[in-house]
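S.K.: Below: one structure in structure tokens.
The values are calculated or read from the model by the stated rules, or taken from the named source; none is laboratory data. Please read these numbers as outputs of a predicted model, since none were measured by experiment. Cβ: placed from backbone, ideal geometry, glycine included. Neighbour counts: every protein chain shown.
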Amino acid sequence: MSTPNVQTIAILGAGQMGGGIAHVSAAGAYTVLLSDVTLERAEKGRFDIELRLGKAVEKGKLTAGQRAEILGRITPVEGLSRFAEADFVIEAANENEALKKSLFRQFDELCRPDIVLATNTSSIPITRIAAVTRRPERVIGMHFMNPVPVMKLVEIIRGLATSDATHETTLQVCARLDKTTVTSRDIGGFIVNRVLMPMINEAIYALYEGIGTATDIDTGMKLGTNQPMGPLELADFIGLDTCLAIMEVLQAGLGDSKYRPCPLLRQYVEAGWLGRKTGRGFHIYAKS
């Protein structure tokens with residue numbers, strides 16, 4: 001099975017994750033086409049990258065010339081029509097299975113049949129996403145960690161039909177992005193969230209049952225287990241709506257009661273207390 005020489009990466013989603021992927025892709029000398037639901041949102045994603053790069057220049061981590069080169073490789077685009085130019089596609093839309101399946105059907109129609117279609121899902125089975133396309137062997141999971149420019153890991157997930165060539169091409173792309181990879185089977189939560197999310201959920205249960213305050217739980221885990229961030233603080237950083245969605249995928253996919261989302265997590269999401277992005281989660285945050 002032949003694979004293209006990857007020079008142009010098309011990214012769907014210009015928010016925190018998609019923008020971060022666009023940032024590291026351009027820094028890896030790829031040409032980047034960045035799209036979102038509107039051209040304005042894609043342009044906002046590029047502007048956010050420009051701000052981050054500006055701070056890196058101020059700190060002496062980049063030169064002004066390097067900043068200009070990286071930005072020059074990122075083109076905001078409207079819709080998906082220009083994805084036909086891509087050598088590799090990365091989807092970074094919301095963690096919604098119906099949405100991702102709809103997007104992959106569109107990618108399948110628009111994109112060349114020889115290119116890889118990757119999804120940044122953190123929990124949705126790759127096999128199910130791949131099955132809606134005519135090229136399931138070329139569909140793969142690329143779970144980037146947040147914030148993408150800082151975190152070294154990309155978790156690679158092979159669907160049931162994912163080919164060795166697709167896996168190898170994806171590893172080559174990650175190497176050019178200066179990322180370390182681990183490869184997971186396509187089973188609920190993959191590696192990282194299979195371990196991480198039940199820990200976060202158990203910390204929420206500890207708060208729910210009054211075992212300790214949010215601060216005490218986070219401090220205990222940081223200092224007692226040498227974690228840089230407590231589990232409740234990390235949940236706020238991820239987004240409580242995302243945490244709930246992942247726990248629901250784990251519970252539905254694995255059928256074990258130990259993955260039942262804590263009622264307090266569900267209640268916070270229903271209240272709109274989603275963590276840092278709303279200013280309130282298990283901790284209170286100053287609004288920017």
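Conditions tested, residue by residue: (1) assigned to a loop (DSSP other than H, G, I, E, B); (2) surrounded by 13 or more Cβ atoms within 10 Å (Cβ to Cβ).
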| site | (1), (2) |
| --- | --- |
| 194 | no, yes |
| 197 | no, yes |
| 203 | no, yes |
| 210 | yes, no |
| 232 | no, yes |
| 245 | no, yes |
| 250 | no, yes |
| 258 | no, no |
| 273 | yes, yes |
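S.K.: Go through segment 2-59 and give me each residue that's on the phi > 0 side of the Ramachandran plot and either outside the structural domain of residue 145 (by TED's automatic domain parsing) or buried (at least 21 other Cβ atoms within 10 Å of the Cβ) (or both).
M.R.: 13
S.K.: Quick test of your reading of the structure: residue 66 fulfils all but one of (1) surrounded by 15 or more Cβ atoms within 10 Å (Cβ to Cβ); (2) within 20 Å of residue 19 (Cβ to Cβ); (3) not β-branched (Val, Ile, Thr). Name the failing condition by number.
M.R.: (1)
S.K.: Every residue in segment 248-275 that is at pLDDT 95 or above and under 21 Å from residue 92 (Cα atoms), please.
M.R.: 274, 275
S.K.: Could you run through segment 113-130 and say how many residues are within 22 Å of residue 172 (Cα to Cα) and of a type in the set (D, E, K, R)?
M.R.: Residues flagged as within 22 Å of residue 172 (Cα to Cα) and of a type in the set (D, E, K, R) within segment 113-130 amount to 1.
S.K.: Still on this structure, please answer the following. Restricting attention to segment 1-42, and to residues there that are assigned to a strand (DSSP E or B) and touching a residue at least 60 places away in the same chain (Cβ under 8 Å), which single residue is farthest from the chain's Cα centre (by Cα)?
M.R.: The extreme case among them is 8.
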